[in-house]
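The values are calculated or read from the model by the stated rules, or taken from the named source; none is laboratory data. Owing to the predicted nature of the structure, the values given are computational and were not obtained by experimental measurement. Ideal geometry is used to build each Cβ from the backbone, glycine not excepted, and the neighbour counts take in all protein chains shown. Side chains included, ligands, DNA and RNA excluded: accessible areas come from the protein's heavy atoms. Shrake-Rupley method; radii C 1.70, N 1.55, O 1.52, S 1.80 Å.
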Amino acid sequence: MSGDIRSGEMSEAATAIGAIELPTSTTELATDAIVEAAPLALKPPPRRVLVTGATRGIGAAIARALAGAGWHVTLAGRARGALEEVRVTLPIAEGVAHDCVELDVTDAASVARAFADVHARGGALQALVNNAGAVETGPLARLPLETWDRMLAVNLTGAFLCTQAALAPMIAARAGRIVNIASTAGQKGYAYCTAYAAAKHGVLGMTRSLALEVAAQGLSVNAVCPGYTDTAIVHDGVARIVAATGRSEADAMATFSQSSPLKRLVQPDEVAATVLWLCAEAPAAFTGQAMSVSGGEVMN
């Protein structure tokens, strides 16, 4: 489950062929058409990406993976100090300067200001990763309305607001990748996670519907669904189980790790590698998909 919670010439050629609609005659070989249909990995740098919830866990791992691949990364979150701590650790490619922007994904005005600033400084983003999220649990019968509203605001409305803010420049450029970090909770559900699961199911619905809206305009929209991942959120959950039940830490951790056929937690870098592929290498025809990174816990 997520929260804030993770080539050789031949392979490059294969990726390019998979991303391009092959012409039926040589007269159809228009360079502009090929570039328009090619994956972003074939476009010249710099490539710009904004990652929300980038101060820790999966978000920080995604930022590191993209920066390591030469992307210009904008880290987005509520605490500038925490963002800066991550920024100074990122690999820096020649000609790239990573930056930070403060925003609260649940606040429409905050999101609008942040994206206006990002676009004013560098134009359209080539990719957006909606990673910001949070988990609160409890039986539905006693779940406060405030908790329900908060889970929808952080996990679903936040992705909507950021996507909407990034969309128009991407459409104008006829290029862009949007990756929504959902969860296996959006694919199957978990007891006592009703509000979180409902929000993540909503993220998948938004992903699939938007993919259909913008496919012909050169954009792809996909979701990544991590299983229980080795982040602070899971470790906090272990601590709560220990405090409430008196079970050992190892026994409490098994509650999470044993749900995967791998019998371990997903690593943030495994989620980040999937996001990097979607942003840079996935063919243009790959859109509207929910990729489960869960060690086989969920199989599409």
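Accessible area per residue of region 63-136 at 1.4 Å probe, in Å²? Let's see the in-between values first.
On the way: 3140 Å² over 74 residues.
Per-residue value: 42 Å².
Calculate, in whole percent, how much of the Cα-Cα pair population of the chain lies beyond 38 Å. Kindly include the intermediate steps, with their values, before the conclusion.
Details: 5761 of 44850 pairs.
Cα-Cα pairs of the chain separated by over 38 Å account for 13 percent.
If I ignore ligands, DNA and RNA and count only protein heavy atoms, how much of R208 is accessible to a 1.4 Å probe, in Å² to the nearest 10?
Roughly 120 Å² of R208 is accessible to a 1.4 Å probe.
When the solvent-accessible surface of protein heavy atoms is calculated with a 1.4 angstrom probe, in what order do E297, E213 fall, highest first? Walk me through the numbers on the way to the answer.
On the way: E297 35, E213 125 Å².
Heavy-atom accessible area, descending, gives E213, E297.
Could you tell me what percent of the accessible area of the chain is made up of carbon and sulfur, with a 1.4 Å probe and every protein chain present? All intermediate terms of the calculation are to be shown ahead of the outcome.
Working: 7760 of 13530 Å².
Using a 1.4 Å probe with all protein chains present, the chain comes out at 57 percent carbon and sulfur.
Leaving out ligands and nucleic acids, and using a 1.4 Å probe, what accessible area per residue does region 209-297 come to in Å²?
43
Quick check: with the 1.4 Å probe, what order do S257, S248 take by accessible area, largest first?
Details: S257 15, S248 65 Å².
Sorted by accessible area, descending: S248, S257.
Relative to the Cα centre, what is the charge dipole magnitude of region 206-284, using +1 at the beta carbon of each Lys and Arg, -1 at the beta carbon of each Asp and Glu, and rounding to the nearest 20 debye? Show your work: numbers first, answer last.
Details: 5 positive and 8 negative charges, 48 e Å.
It comes to approximately 240 debye.
Leaving ligands, DNA and RNA out of it, work out the accessible area of L167 with a 1.4 Å probe and give it in Å² to the nearest 10.
Per-residue accessible area (L167): approximately 30 Å².
Determine the shape class of region 68-126: with a ≥ b ≥ c the square roots of the Cα gyration tensor eigenvalues, call it rounded for a/c under 1.5, and otherwise prolate if a/b is greater than b/c, oblate otherwise. Please list the in-between numbers first.
Numbers: a/c = 2.76, a/b = 1.40, b/c = 1.97.
Taking the square roots of the gyration eigenvalues as a ≥ b ≥ c, region 68-126 is oblate.
Protein chains only, probe 1.4 Å: how do S294, S259 rank by accessible area, largest first? Before the final figure, lay out the partial values.
Working: S294 5, S259 40 Å².
Most to least solvent-accessible, the answer reads S259, S294.
In what sequence, highest mean first, do 117-130, 83-96 appear when ranked by Cβ atoms within 10 angstrom? Mind showing how you got there, number by number?
Values: 117-130: 19.7, 83-96: 15.4.
Per-residue mean Cβ counts within 10 Å order the peptides as 117-130, 83-96.
Could you give the dipole magnitude of the chain about its Cα centre, charging the beta-carbon of Lys and Arg +1 and that of Asp and Glu -1, in debye to the nearest 20? Don't skip to the end; give the middle numbers.
Values: 22 positive and 27 negative charges, 96 e Å.
The dipole of the chain has a size of about 460 debye.
Considering only A82, A290, V242, whose Cα is most displaced toward the positive end of the charge dipole of the chain, charges sitting on Cβ of Lys, Arg (+1) and Asp, Glu (-1)?
In the chain, that residue is V242.
State log₁₀ I(q)/I(0) for region 161-300 at q = 0.11 Å⁻¹ as given by the Debye formula over alpha-carbon point scatterers of equal weight, solvent excluded.
-0.46
Heavy atoms of the protein only, probe of 1.4 Å, neighbouring chains included. What is the accessible area of K263 in Å², nearest 10?
Near enough 110 Å² of accessible area.
If packing is taken as the average number of other Cβ atoms within 10 Å across a peptide's residues, how do 282-290, 47-55 rank, most packed first? Before the final figure, lay out each step's value.
Values: 282-290: 18.7, 47-55: 26.6.
Peptide ranking by packing, descending: 47-55, 282-290.
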